[in-house]
Each structure stands twice: as structure tokens, then as C-alpha cells.
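Heads up, the thing below is written out as C-alpha cells.
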Amino acid sequence: MTQTPHISVKDLNVQIGDNHLLKNININIPDKCITSIIGPSGCGKTTLLKSLNRLLDDIPDVQISGSVLVDGEDIYGPKTEVTHIRKKMGLLAQRPFPLPMSIYDNIAYGPRIHGIRGKTELNRLVEHYLKAVGLWEEVKHRLHGPASALSIGQQQRLCLARGLAVEPEIILGDESTSALDPISTKTIEDLLIKLKENYTIVLVTHILRQARRVSDYIIFVYMGQIIEFGPTEEVLLNPKEELTKDYVKGFIS
Amino acid sequence: MRRRKIEEFIFKGLMIASTVVVGLSLFLIIGTVVVKGLPYLNWDMLTKTPDGGYYFGRSGGVLNAIIGSVYIAGGATVLGMIISLPVSIYLNIYLKKENRFARLAKLSFDVLFGIPSIVYGAFAFSLMVYLGVRASLLGGVIAVTLLVIPIMVRTLDEVIIQVPKELKEAVLSLGTTRWEMAKIYFRQIRAGLLTAVLLAFGRGVGDVAAVMFTAGFSDNIPTSLNEPAATLPLAIFFQLSSPIPEVQGRAYASALILSIFILIIVTLSTLLTNKRRKNS
């Protein structure tokens, strides 16, 4: 790996009750690249993703050990402010969940809670981020209409814009296109590829073709362990591990 | 094959029978109230206080009780909401699900929910004796507030649980504090909030045992918190126990007024609940 790591996971173990979901995870996620986490259902992909911005905190009986360093700062450190960590990372969930307010307020919400109050500045940010996700032309006439009136694909782009508006450095995507039609999926994928110039992106996906289309690096997770990590072509076309080979060929699903 | 058909037939029959029993009872109750009350229902009933006392008086109306009920149920609903909303936000948003305190608190509210209202009345009464408050509007409001808090907390619980956890994650991922997230929840559950309010209000208006000792009774419309206040259910009770047939008839007219009142509230809350379902 010649890339500088943006996120470093060291000896991460996650247990929920008696269930050992992640075992000794060590990985350096490269800066300004798209890294996809692949693996069969229930292997711990989403858990790994959520451990990166401490969304596991609220799960009952969860035990987390090890560390996740973002820019050298341990997000599980005792002094770390969790809101600060989460501001650095935007999350794009499986299905869009717009806030129960207008399109404009959905984007302005993040900047507002982080202290931006000026109307002109907010207007500028809303326009900027709606343009960044290619939604501006579609919604500029109904910015104050409810976000729930948008189509699912539009909502997902709105959620992406909402996340970008808090100026994160990292985007986490949890099967972000699984509820979308092929055209919306393509729009989101193209956006992510464009966004990696400025952001470090980590995606969870169960679609191998998608992983191949968008990602620079691939992490293959199986039964809570990282089996293989490397550049996309290498992992998918020339896997070193038997398990990866089986998964890529479709023997494990 | 034949056995399955018979089984189907029997159980379907039982279900239809139960439905008919419920429907018929409702029809009979409403029918009785309408038949007995309608002849005595007139404009005076709604707009005047009792003339010649609630027990013997044959003219005037139950305006004192209508106003008293609205004051008590309204005051209790407002106070109850002020207390219940922070409680359910704290239990559901700040504390984790498996938190012992949260579980204990929820169990307690379930128990409180099942306690008969006379117990609330008795408790509030002893509280009033301790504080030196006489049977009054204030006492009634306190007793009914205690009564509606568990109803509100439980209703709010139901509503908050329906908020998808992904919305919670999405909001947290923007770097919000718990309080900022609570505000988002607040917006998301607006319709449910109204349902809770209406349910509590309906319960407060209709309850008699909680206000029997605590609010007292009066033929006048209360003008301060320290004065005793009449309530509709108590007015019905007293009028019904009068030996004079006209006054008994007036009890049914009062019951009719109360029923219409409750009907409006229930219809409103059903409409709102349906609207909420549609929106989510």
C-alpha cells in the first residue's frame, strides 16, 4: 500500500452478547480512495462499517476493544467527543431517511447545528451541495417542499448532500444503492467516483460487480475476520486466499 | 377435508357472534343514553348552571360541570404532557434499551397504567390533606394529572418506537447531540403526540373516581384554582341518585353530552392516527 492511511483499525474486536462479530481487525484504509467491504451476509461487513463512526455504541450488550484511528486520533479514546467523530464521517444508509422537514432544511440542518446561522451562507451551502449531487436542477423550484415527496433515488442523493453539508472527510456507505433502481444506482456510483477526489470513501456492498465498478481497494470479510485486503483487480481477479476465491466465484454467498 | 371445513365454520361463527355482541352492546348503551337523555337535552343544559341545586333542580343546565371537566382534563393534559414528554424522551433516546433503570421505569409505568383511578384519587387526596389543599379545581387537576401521565408515557413510547432506527443513525451521523436528535424525533412524532394528548384528555374528561374526593362539587363555575369544581361524570352520578324522575332524565342528557364529547375526541385521534400511518 503506497497510499497514506486515513483510517487505521488496530486489533478491533466487537462482541455483542456472546456473539463475536469482529475478530482482531487490523486494517489501514487508504486516503482519497474508495474501499469496498465485501463478504457474505452476516459476516460483519456492516458492523465493521458502523464501528468506524461509533454507531455501535447504542446496541445492547456491545463490547468493543482495540482502536480506530482517524487522522491519528483514537475514536474510542476516553476523551474523544463522539459528535466530533461523527461530523467527520457522513453515512449513507441502505435506504434514504430524509429528515421530517423541507428539502432546504434537510441540507441546512447539519451546518446549522454546527454553528452556521447566516442566511446567505446557508443559501449558498444548500445550492452548492444540491449541485454537488446533481439534484439542484430537479428541486430548485420546490426547496421548501417536504423532502418526503421526492423519489427514492432523489431522496438518497438528498441524504448524500445532507451528509456532505457537514463537511466530513470520510463517507461511509452501507449498501447505499440496494433500495434503488439501476439508473439511480448508476447516478450514486458516478457521484461517489467523483467524490473520491476529496473524500475517503468506505462502502459495504454485496454486489461484486458494484465493488468492481467503483472501488480501488477491496476488503473481504468472512466470519468476522479480514481474509484479504488489496487493490480491487487483485482481490477479485487474482485472489491469494482460497476463501476469497470461493466467494468471488460464487461458492460462498 | 370435512373436519377442516367444520372447524372453519365453527370458528368463523364464533368470531361473528363476538363481533355482534360487542356491536350490540355499544348500540344498546348509546341507544339508552339517547332515548332517555334526548327529551331532556336542550340549549339550557349546555349554557346554564343548575337552577335550584343539582340534586333537586329541574331547570338550568350542567355548564358548571362541562366547564369544570374541561378545566380539569385540560389542565391535567397540559401538566401531564410537560412531565411525560421529557420522561419518554429520556427513557427512549438517552438511555439504552437494556438499561436497568429504563426497564424498571417502563415496568412501573405499565403498573401505574393498570391501577384503578380511585387509587389515584385516594393518593391525591392524602397528598392534598398533607399539603392543606381542600377539594378544589387544583386538587382535581393534580389527581387527573397523575392518572394521565402513565397513559401519555405509554402512548409516546409506542410512537417513538415506530421511528426507524436508521433515521436515528442518519441523524447521529451528522454529529448531533442527543438533544438535537430528540428535537428531530419531536418533529417526526408530531401526529402521535396529538394522539397522546387526545387520549389523555378523553380519559381525564370521563374519569369520575379520581375527581370524586379531590375536586369536590359545586353548582358554580370555578373562578379560581382553590374553588371546588363540578365534573360531568360526577354530575351524572349525583343527578342519577336523585329521587326525582326529571333530574334522572337530566342525568341521561348529561351522559349524552359527555358521550358526544368523547366521540368527537376519539374520532379526532383516529383521524390523526390514520394520517400518521399514511405519512410514514
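The values are calculated or read from the model by the stated rules, or taken from the named source; none is laboratory data. Quick caveat: nothing in here was measured; it's all calculated off a predicted structure. Every residue, glycine among them, receives a Cβ derived from its backbone with ideal geometry; neighbour counts consider all protein chains shown.
As a summary of the residue check, A:Pro239 satisfies the conditions (1) at pLDDT below 90; (2) in a helix (DSSP H, G or I) except for the one numbered (2).
Would it be correct to say that B:Ala191 is surrounded by 17 or more Cβ atoms within 10 Å (Cβ to Cβ), within 13 Å of another protein chain (Cβ to nearest Cβ) and in contact with a strand residue (DSSP E or B) (Cβ under 9 Å, 6 or more places away or on another chain)? Judged against the criteria, B:Ala191 is not a match. Residues in region B:150-171 that are in contact with a helix residue (DSSP H, G or I) (Cβ under 6 Å, 6 or more places away or on another chain), surrounded by 21 or more Cβ atoms within 10 Å (Cβ to Cβ) and either within 9 Å of chain A (Cβ to nearest Cβ) or on the phi > 0 side of the Ramachandran plot (or both): B:Val171 alone.
Among the residues making up region A:132-153, those that are more than 18 Å from A:Phe97 (Cβ to Cβ) and assigned to a helix (DSSP H, G or I) are A:Ala132, A:Trp136, A:Glu137, A:Glu138, A:Lys140, A:His141, A:Arg142. Taken over region B:117-132, the criterion of being farther than 22 Å from B:Val87 by Cα and either in contact with a Lys or Arg (Cβ under 7 Å, 6 or more places away or on another chain) or in contact (Cβ under 8 Å) with a residue 24 or more places away in the chain (or both) is satisfied by B:Ile118, B:Gly121, B:Ala122, B:Phe125, B:Met128. Out of B:Ala230, B:Ala182, B:Ala215, B:Ala200, one residue alone is assigned by TED's automatic domain parsing to the domain that holds B:Phe125, among the small types (Gly, Ala, Ser) and more than 24 Å from the chain's Cα centre (by Cα). It is B:Ala182. Here A:Leu160 fulfils each of the conditions (1) within 14 Å of another protein chain (Cβ to nearest Cβ); (2) free of Cβ contacts under 8 Å to residues at least 12 places away in the same chain; (3) part of a helix (DSSP H, G or I) apart from (2).
Residues that are out of contact with any Ser or Thr (no Cβ under 6 Å at 6 or more places or on another chain) and either touching a residue at least 24 places away in the same chain (Cβ under 8 Å) or assigned to a strand (DSSP E or B) (or both) within region A:39-51 comprise A:Gly39, A:Ser41, A:Cys43, A:Gly44, A:Lys45, A:Thr46, A:Thr47, A:Leu48, A:Leu49, A:Lys50, A:Ser51, listed in sequence order. If a residue must be outside any loop (DSSP other than H, G, I, E, B) and at the interface with chain B (Cβ under 8 Å from one of its Cβ atoms), how many such residues does region A:86-131 contain? Of the residues in region A:86-131, 8 are outside any loop (DSSP other than H, G, I, E, B) and at the interface with chain B (Cβ under 8 Å from one of its Cβ atoms).
Close contacts from region B:1-12, counting a first residue that is part of a helix (DSSP H, G or I) and a second that is surrounded by 10 or more Cβ atoms within 10 Å (Cβ to Cβ), with Cβ to Cβ under 8 Å and a gap of 6+ residues or different chains, come to none at all.
Tally time: how many residues in region A:163-172 are surrounded by 19 or more Cβ atoms within 10 Å (Cβ to Cβ) and either more than 11 Å from chain B (Cβ to nearest Cβ) or part of a helix (DSSP H, G or I) (or both)?
Looking only at that region, the number is 2.
Do we find a residue being free of Cβ contacts under 8 Å to residues at least 24 places away in the same chain and under 22 Å from B:Phe186 (Cα atoms) anywhere in region A:9-18? Explain how you work it out, then say what you get.
Narrowing region A:9-18 to residues free of Cβ contacts under 8 Å to residues at least 24 places away in the same chain: A:18.
Keeping just the survivors that are under 22 Å from B:Phe186 (Cα atoms) gives none.
So far as region A:9-18 goes, no, none of its residues is free of Cβ contacts under 8 Å to residues at least 24 places away in the same chain and under 22 Å from B:Phe186 (Cα atoms).
Can you name the residue in region A:22-71 that is polar (S, T, N, Q) and within 14 Å of chain B (Cβ to nearest Cβ) and is also surrounded by the fewest Cβ atoms within 10 Å (Cβ to Cβ) among such residues? Among them, the one singled out is A:Gln63.
Please find, within region B:194-223, the residue that is surrounded by the fewest Cβ atoms within 10 Å (Cβ to Cβ) out of those that are polar (S, T, N, Q) and over 18 Å from B:Val144 (Cβ atoms). Before you say what the answer is, go through the steps one by one.
At the first step, the residues of region B:194-223 found to be polar (S, T, N, Q) are B:195, B:214, B:218, B:220, B:223.
Next cut, over 18 Å from B:Val144 (Cβ atoms) only: B:195, B:220, B:223.
Working: B:Thr195: 22, B:Asn220: 15, B:Thr223: 8.
So, considering only residues that are polar (S, T, N, Q) and over 18 Å from B:Val144 (Cβ atoms), the one surrounded by the fewest Cβ atoms within 10 Å (Cβ to Cβ) is B:Thr223.
In a residue-by-residue description of region A:213-232, the property of being surrounded by fewer than 19 Cβ atoms within 10 Å (Cβ to Cβ), within 15 Å of the chain's Cα centre (by Cα) and in contact (Cβ under 8 Å) with a residue 60 or more places away in the chain applies to at least one position. Among residues of region B:18-31 that are at pLDDT 95 or above, none has a beta-carbon under 7 Å from a residue that is of a type in the set (A, V, I, L, M) and surrounded by 10 or more Cβ atoms within 10 Å (Cβ to Cβ) at least six positions away or on a different chain.
Just so you know, in region A:173-182 the residues that are surrounded by 24 or more Cβ atoms within 10 Å (Cβ to Cβ) and within 14 Å of chain B (Cβ to nearest Cβ) include one that is nearest to A:Gly44 (Cα to Cα), and it is A:Gly173.
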